[in-house]
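To start, the structure itself, in structure tokens.
Read the figures in this text as sums done on the coordinates, not as results from a lab. Owing to the predicted nature of the structure, the values given are computational and were not obtained by experimental measurement. Every residue, glycine as well, gets a Cβ built from its backbone with ideal geometry; the counts of neighbours run over all protein chains shown.
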Amino acid sequence: MTENVTVKTLARELNVSIATVSKALNDSHEISIETKQKVLALAKKLKYERNPSASNLRSQKTKTIAVIVPEIANSFFSLAINGIEEIARKRDYHVLIYQTHENSEIETAFTESLVCGRVDGILISISSSTNSSSHFKSLVKKIPVVFFDRALDDIDAIKVTTDDYQSAYQATLHLIENGCKNIAYLSALSKLDTGKKRIQGYFDALKNKGLSFNKGLMVTHDPDRDKTYNRIKNLLIIQKPDAIISSVEEMVIPAYNACKALDLRIPDDVKILSFSNLSTAALLNPSLTTITQPAFEIGQEAAGFLFKLLDKKYITTEEIPVMKSVLIKRDSTSGHT
């Protein structure tokens, strides 16, 4: 009977310890390049195959990470998950995906169930209803965690985010430069840093261009789509804005529908732009001007940092980038009449 080639076999043939072979196979920095090459050459020659189950048991690793997002159907999060999965596959890791439906209690229940050894680390984008950081402050002490897109400022953890303030500021300037003076804002994520930075960018752009803020021009998101639609419709009737900025893509279609119901022409009567990664933005009538986040790359970056944490590598704050969004100008903010 042919002997099953194991780590022990390789160690015996090379006259080194089992630990040395194991570390060489796992590309440990503790092992010299020369030894790694010898181990890999022999492993290939003897057709050595890893036993992932045994390896996981020895290391007490699950080879699994969790991704917790508010909503999978959201185009930003679906793209971010794709980026995460690409990095995880390269590391032979499985990805478990959980969606909180913007519910902080569900979010807490997920994280509590995951810290008991089910996964090696967690990537999370916080739900909009989360208003306390105490749970997350405790969580990051128990398991490697990386936040992406949505986070709370007072949590000491790695956060991969975008330039939300600057993006909202530039978007507001774009509308002002196209002649808009009565710019409405569709607000969401107001409890999170993401939402706070976006609305501050809007406020500051108005102020710097000598335009006063009218509280009546602010509409808040509601989980009930019909309520959001009615709020936007009332805004258009009462305040008569000449432009609308939507801080999330979920409020764009209700805004388009409200304009249609009131016979308002986009962009002639009302210009509209939104934070959005909708693949259909260019197909809307008229095509939608968007602040598009690098969602796929954010997922990749977040996953990369999580694996650095799992590898016990030191990460400096200078390494963590603020990802740049792009203002893509389309017909919904066109200056044509």
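In the chain, the longest principal axis of the Cα atoms and the axis of helix 225-238 are about 30 degrees apart. Amide H contacts under 5 Å for Ile158: Phe147, restricted to partners 5 or more places along the chain or on a different chain, H placed in the peptide plane at 1.01 Å from N. Within the chain, the longest run free of GluC sites (Glu not before Pro) that sit in a DSSP loop with at most 10 other Cβ atoms within 10 Å is 50-337.
Which far-off residues, 5 or more places away or on another chain, put their amide H under 5 Å from the one on Ile97, with H placed in the peptide plane? Here Val67 satisfy the definition. Per the Cα gyration tensor, the chain maps to an equivalent ellipsoid with semi-axes of 50, 19, 17 Å, ordered largest to smallest.
Return one number: the angle in degrees, 0 to 90 and rounded to the nearest 10, between the long axis of the Cα atoms of helix 33-45 and the longest principal axis of the Cα atoms of the chain. Around 80 degrees separate the two axes. Would you tally the net charge around Ile183, using a Cβ to Cβ cut-off of less than 15 Å, leaving Ile183 out, and scoring K and R as +1, D and E as -1? Its environment carries a net charge of +3. For segment 293-309, the Karplus equation 6.51 cos²θ - 1.76 cosθ + 1.60, evaluated at θ = phi - 60°, returns couplings of 8, x, 4, 4, 5, 4, x, 4, 4, 4, 5, x, 5, 5, 5, 5, 5 Hz by residue, with Gly and Pro reported as x.
Net charge dipole, the chain: roughly 700 debye, given to the nearest 20, about the Cα centre with Cβ charges of +1 for Lys and Arg and -1 for Asp and Glu.
Among Ile199, Ile238, a tally of other beta-carbon atoms within 10 Å of each Cβ gives an order, fewest to most, of Ile238, Ile199. Among Ala261, Ala157, Ala295, whose mean-square fluctuation peaks in a Gaussian network model of the chain (Cα, cutoff 10 Å)? It is Ala261. Determine, from the Cβ-Cβ distance of Lys47 and Glu319 and an R0 of 56 Å, the FRET efficiency 1/(1 + (r/R0)^6), rounded to the nearest 0.05. It comes out at approximately 0.90.
For chymotrypsin sites (Phe, Trp or Tyr not before Pro), the sites in segment 274-317 that DSSP calls loop and that have at most 11 other Cβ atoms within 10 Å are Tyr314. Backbone amide hydrogens, once placed in the peptide plane, bring Thr64 within less than 5 Å of His94, Asp120, excluding anything fewer than 5 places away on its chain.
The radius of gyration of the Cα set in segment 236-325, together with its Dmax, comes out at 18.8, 59 angstrom.
For the pair Asn82 and Val115, label points projected 7 Å from Cα toward Cβ lie 3.4 nm apart.
Can you tell which of Ser187, Ser17, Ser138 shows the greatest fluctuation in a Gaussian network model of the chain with Cα springs below 10 Å? Result: Ser17 has the largest fluctuation of those listed. Candidates Leu10, Asn26, Leu139 compared by Cα position along the dipole of segment 1-145: farthest toward the positive end lies Leu10, with charges placed on Cβ. Between segment 119-180 and segment 240-302, how far is it from one alpha carbon centroid to the other, in angstrom? Segment 119-180 and segment 240-302 have Cα centres separated by 21 Å.
Qualifying trypsin sites (Lys or Arg not before Pro) in segment 238-337, where qualification requires a DSSP coil assignment and no more than 12 other C-beta atoms within 10 Å, comprise Arg265, Lys312, Lys313, Lys324. Taking label points 7 Å from Cα along the Cα-to-Cβ direction, Arg225 and Leu283 give a separation of 1.6 nm.
What does the charge add up to near His221, with Lys and Arg as +1, Asp and Glu as -1, over the other residues with Cβ less than 15 Å from its Cβ? In short, +1. Shown for Thr317, Thr220: other C-beta atoms within 10 Å of each C-beta, ranked fewest to most, produce the order Thr317, Thr220.
Rounded to 0.05, the FRET efficiency of the Asp156 and Glu13 pair, given R0 = 41 Å and the Cβ-Cβ distance, is 0.30. Of all lysines in the structure, those lying under 22 Å Cα to Cα from Lys209, and not within fewer than 8 positions of it along the same chain, are Lys181, Lys196, Lys197, Lys240, Lys271, Lys329.
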